[in-house]
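The values are calculated or read from the model by the stated rules, or taken from the named source; none is laboratory data. Computed from a predicted structure; not experimentally measured. Ideal geometry is used to build each Cβ from the backbone, glycine not excepted, and the neighbour counts take in all protein chains shown.
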Amino acid sequence: MNKPAIGIDLGTTNSCVSIVEDGVPKVIPNLWGDRIHASVVFFPGDDQVVVGNEAKRQVILNPDRTIWSIKRIIGRKSFASEVKKAQSMCAYRIVEGANYGVRIAIDEQMFSPEEISAFILREMKMLATEYLGVAIDEAVVTVPAYFNDNQRQATLDAGRIAGLKILRMINEPTAAALSYGYGRNLRQRVAVYDLGGGTFDLSILEIDGDIFEVLGTSGDSYLGGDDFDFRLLSHLADRFLEDFGVDIRSNKYSLQKLREACEEAKKLFSSHDEVLVSIPDIIEDDMGAMKLEYLVTREEFNGLVMDLVQRSFRVCDEALHAARCTVQDLDGVIMVGGPTRLPIVREAVGYYFGLEPDTSLNPDDVVALGAGIHAAGLKQTGFNTDATAPHQTVGAHLLDVTPLSLQIATVGGYTESIIERNTPIPIERSRIFTTVRDGQDRVHLRVYQGESNREEECTLLGEFIFSGFRVANRGDVNIEVVFAIDASGLVHVTARDLESGKQQQITLTMSSALTESEIQQMMLRGDGIVPVA
Ligand code: AMP
């Protein structure tokens, strides 16, 4: 039998790993029975590393050595607003690396976000290896539908650093729909409402037996449960300032304590009408330790986050529009992500779609299970001939779309679209470019992803320089440039001299992605860092 491949939900807040065993998809627990693992990495020193729920406990004790929410900054440049926001929120040091890359500074060592994610992936791989008793080195990893090429490429590199071959990256909502519909022979059009820790996506999928077609998707990479925590945090910090004249936000340790307490309180609002937020030693003033204690009602909490929930419906409007359908065309709404347990979210979603949301699936592991099902399908393992088995695992056909338009820079800061968003992937489009000057020996192309026609409002993927073609008079050389997006959503650009048919040399600059030698070094360094049990 082939060695099995696993499915990994590499989440902002939590990660989860799954496998299909005897035709049945399962979440792999750790030795303590935990099914989900905090996406947190703690460096205690002496080249050791702690990953997961144990590491999460260090967020307060060792905030400057404990890395959380790395997914928010992976594949982003140092000047991105998300990185600036992380710098103001996190007690660990986020600094600028080469080519506007981002690095995390721990003592004298610099870690890339890819490396931090690799520690999490390595942990998932280790859990699976221990559970199955065979060394696992292949996986399907999920990413938010809205991830651009830089973020996807960085995730792929994280896999390589972890010694894991990522067979495919699939979008989280597609994975959720796969775990909802696979093997049930459904004919349904569904919405996947995925509100995670840091991102929100809404995707419309058509399930037709074992074909899963994404009709449209839209997302907001700045909307998630963390924002709910932040609203409560701001509210309580303001009250504390008003009552005691002390700003909790002025001390990063106090801020971290309040952040944790607010997250816990938020989770409790899923099942409680009121929550007492109590931190005995929130901050010190001249008189000693001060206590924070406020009773917050669910109504009050709902008022703080209502506009965030409403914001998600703008994205829903966009996704429905992209899918060319209305809420009346839908048969179901699948809920994914921890915050969808909140009554305010469930009620608002039910109201918007005019449908009772499906809460039968566990919103924490539905994505990982879908990834596991797809991994098994790709490896053609886990086939179960018993028709009554809950999931058949061979032959699912995922027809995904690209969530962002691929564009090239033209003149005057404008861009022109090459591949429109919501185009089914994989896809290939080509364009012919010619030289504009006599004797020109290179052609520059700046490639972007985004929906605006202005360069500055899109994300730069890189600057491609083609050279090595015949030097001639202007207009005499025709270069065909092929823009391709593969099944994992990764962008590939190739160029060919139409005259000679020769493939052109391409140099990619302006990318903050890791170089091959950096990846090799990080693989070696990762092997030398010892996990602490
Ligand atoms: P995910 O990215 O799906 O792991 O979701 C993580 C987010 O879900 C974090 O913001 C958590 O605080 C939040 N979360 C987890 N459990 C609950 C719950 N019971 N109620 C509300 N939010 C939750």
Test set (1) farther than 20 Å from residue 12 by Cβ; (2) without any contact (Cβ under 8 Å) to a residue 40 or more places away in the chain - residue 309 fails condition number: (1)
Residue in region 186-196 that is of a type in the set (Gly, Ala, Ser) and closer than 21 Å to residue 348 by Cα present: yes
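For every residue, the table says whether it meets (1) in contact with a Lys or Arg (Cβ under 8 Å, 6 or more places away or on another chain); (2) within 16 Å of the ligand (Cβ to nearest atom); (3) at pLDDT 90 or above.
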position: 362; (1), (2), (3): no, yes, yes
position: 383; (1), (2), (3): no, no, no
position: 397; (1), (2), (3): no, no, no
position: 416; (1), (2), (3): no, no, yes
position: 427; (1), (2), (3): no, no, yes
position: 452; (1), (2), (3): no, no, yes
position: 458; (1), (2), (3): no, no, yes
Residue 192 vs. criteria of a type in the set (Val, Ile, Thr) and modelled with pLDDT of 90 or more: yes
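Name the strands (runs of 3 or more DSSP E) wholly within region 1-100 that hold at least 2 residues that are closer than 19 Å to residue 119 by Cβ?
On the way: elements: 6-10, 14-21, 24-27, 41-45, 48-51, 93-96.
In region 1-100, the matching strands (runs of 3 or more DSSP E) lie at 6-10, 14-21, 41-45, 48-51, 93-96.
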Unmet requirement for residue 147, which otherwise passes all of (1) at pLDDT 95 or above; (2) crowded, with 23+ Cβ neighbours inside 10 Å; (3) not in a helix (DSSP H, G or I): (1)
Residue selected from region 325-336 under the condition of a type in the set (Val, Ile, Thr) and surrounded by fewer than 17 Cβ atoms within 10 Å (Cβ to Cβ), by the criterion nearest to the ligand (Cβ to nearest atom): 327
Among the residues listed as 339, 363, the single one being touching a Gly at 6+ places or on another chain (Cβ under 7 Å), more than 19 Å from residue 319 (Cα to Cα) and assigned to a helix (DSSP H, G or I): 339
Close pairs from region 216-245: first without any contact (Cβ under 8 Å) to a residue 12 or more places away in the chain and in a strand (DSSP E or B), partner more than 16 Å from the ligand (Cβ to nearest atom) and not aromatic (Phe, Trp, Tyr), Cβ under 7 Å, at least 6 apart: none
Residues located in region 462-477, provided they are in contact with a strand residue (DSSP E or B) (Cβ under 9 Å, 6 or more places away or on another chain) and either modelled with pLDDT of 90 or more or not in a strand (DSSP E or B) (or both): 468, 469, 470, 474, 475, 476, 477
Members of region 180-200 that are more than 12 Å from the chain's Cα centre (by Cα) and within 14 Å of the ligand (Cβ to nearest atom): 192, 193
The lone exception for residue 357 - which of (1) at pLDDT 90 or above; (2) under 25 Å from residue 21 (Cβ atoms) it fails: (2)
Only one of 343, 339 that is touching a helix residue (DSSP H, G or I) at 6+ places or on another chain (Cβ under 6 Å), within 11 Å of the ligand (Cβ to nearest atom) and modelled with pLDDT of 95 or more: 339
Boolean, residue 296 is surrounded by 20 or more Cβ atoms within 10 Å (Cβ to Cβ), within 16 Å of the ligand (Cβ to nearest atom) and assigned to a helix (DSSP H, G or I): no
Answer from 348, 322, 375, 368 - the residue that is outside the structural domain of residue 27 (by TED's automatic domain parsing), touching a residue at least 12 places away in the same chain (Cβ under 8 Å) and either under 21 Å from residue 169 (Cα atoms) or more than 16 Å from the ligand (Cβ to nearest atom) (or both): 322
Filter result for residue 253 (at pLDDT below 90 and either more than 21 Å from residue 340 (Cα to Cα) or not assigned by TED's automatic domain parsing to the domain that holds residue 66 (or both)): yes
Index of the failed condition, residue 77 passing every other in (1) more than 16 Å from the ligand (Cβ to nearest atom); (2) closer than 30 Å to residue 184 by Cβ; (3) modelled with pLDDT of 90 or more: (2)
Complete set of residues in region 271-292 that are within 16 Å of the ligand (Cβ to nearest atom) and closer than 15 Å to residue 243 by Cβ: 277
Candidate set: region 177-194, residues that are in contact (Cβ under 8 Å) with a residue 60 or more places away in the chain and assigned to a strand (DSSP E or B); chosen: the one surrounded by the fewest Cβ atoms within 10 Å (Cβ to Cβ): 188
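What residue, among those in region 217-230 that are within 12 Å of the ligand (Cβ to nearest atom) and not acidic (Asp, Glu), is nearest to residue 278 (Cα to Cα)?
The residue in question is 230.
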Test: residue in region 261-270 that is surrounded by fewer than 20 Cβ atoms within 10 Å (Cβ to Cβ), assigned to a loop (DSSP other than H, G, I, E, B), within 14 Å of the ligand (Cβ to nearest atom) and not charged (D, E, K, R): yes
